[in-house]
Amino acid sequence: MKADSTGGNMGDKADVDISENPFEPYIEFLRQQLEDQDPIFLIGFIVALAVVVITCVFLKYFLTSKTVRSAVLLVGLCDSGKTLLFSRLLASKFKRTQTSITDSSAPYKAKNDRGSAWTLIDLPGHDSLRSLYLEKFKSGARAIVFVVDSAIFQKEVRDVAEFLYILLTDNVISRNAPALVVACNKQDITMAKSAKLIQQQLEKEMNTLRVTHSAALSSQDGSVGGSVYLGKKGKDFEFGQLPLKVEFLECSARGNKGEEGDADIESLEKSLAKL
């Protein structure tokens, strides 16, 4: 009786071993086939397999890390009219504003037949906050609207050029090359400078800044104000030398009729419709 019991147990154990290794015959067959192959064939097979794996990993990294740039950034100095322009673009209504200390964002539907939609983001203009918020949103920028107060531009030309220089020499912005729209705002004011004059004066000022900031060109980090050389070496600076599209236009977020009237931002809306 004991012998039968022992034999039964051994049979059960063998059955368990077989059931636990259902792929063992196939593994043994594959091992035998590999041993019988020419070493050169095996090396070629391994190299090909490695290339496939590396390619898959690279494609996955590239596709998942690629940023979809769908933001339109409103930047500029304090009191240039960015926030009112933000409100006018979104709702076409006048809104009393105050100096922003944080960003504001909302979906913006461009006025074109394609039904393009972007995220409009108003960034603070205070000098202690500009770089912080630009750093936060620059990688997603499809376009940058740089708002200038045309009425007091003569007094602010140096500060405007300084901020614009920092923006244009940024490594990320230079690489992504978003469209740049310089919106010469407050054209409803009598003393406002024209877009053409503002462009000419900024080019002269940027040419000077390019020399005085030569030490900053050695910076190798990716922060705001990177190592990009502005324009072409040996030539006076012009916006047409930049790798991104630059457009100067005139607008008035307030409008000629004040709070009750419409804004004069048609040229800006047309520019955004082309994105």
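The values are calculated or read from the model by the stated rules, or taken from the named source; none is laboratory data. Just so it is clear, the structure is predicted and the values come from calculations on it, not from any experiment. Heads up, the Cβs are rebuilt from the backbone with ideal geometry, glycines too, and the neighbour counts pull from every protein chain shown. Surface accessibility is based on the protein's heavy atoms, side chains included, excluding ligands, DNA and RNA. Shrake-Rupley method; radii C 1.70, N 1.55, O 1.52, S 1.80 Å.
Is the range 129-149 home to any residue that is open to solvent by 10 Å² or more (accessible area, probe 1.4 Å), within 16 Å of Asp79 (Cα to Cα) and at pLDDT below 95?
Yes: one or more hits.
From (1) in contact with a strand residue (DSSP E or B) (Cβ under 7 Å, 6 or more places away or on another chain); (2) at pLDDT below 95; (3) open to solvent by less than 80 Å² (accessible area, probe 1.4 Å), pick out the condition that doesn't hold for Ala179.
(2)
Could you say whether any residue in the range 187-198 is modelled with pLDDT of 90 or more, more than 30 Å from Arg88 (Cβ to Cβ), of a type outside the set (Gly, Ala, Ser) and open to solvent by 40 Å² or more (accessible area, probe 1.4 Å)?
Among the residues of the range 187-198, not one is modelled with pLDDT of 90 or more, more than 30 Å from Arg88 (Cβ to Cβ), of a type outside the set (Gly, Ala, Ser) and open to solvent by 40 Å² or more (accessible area, probe 1.4 Å), which makes the answer no.
Sort out for me the helices (runs of 4 or more DSSP H) sitting completely within the range 82-183 that have 1 or more residues that are more than 18 Å from Leu244 (Cβ to Cβ) and not hydroxyl-bearing (Ser, Thr, Tyr).
Passing ranges, in order: 82-91, 130-137, 153-168.
With the checklist (1) hydroxyl-bearing (Ser, Thr, Tyr); (2) open to solvent by 20 Å² or more (accessible area, probe 1.4 Å); (3) at pLDDT 95 or above in hand, flag the one item Ser174 doesn't pass.
Here Ser174 meets the rest and fails (3).
Taking Thr99 as the residue in question, decide whether it is surrounded by 22 or more Cβ atoms within 10 Å (Cβ to Cβ), more than 18 Å from the chain's Cα centre (by Cα) and modelled with pLDDT under 95.
no
For the subset of the range 237-275 comprising residues that are open to solvent by 20 Å² or more (accessible area, probe 1.4 Å) and among the small types (Gly, Ala, Ser), which member is farthest from Asn185 (Cα to Cα)?
In this case the residue turns out to be Gly240.
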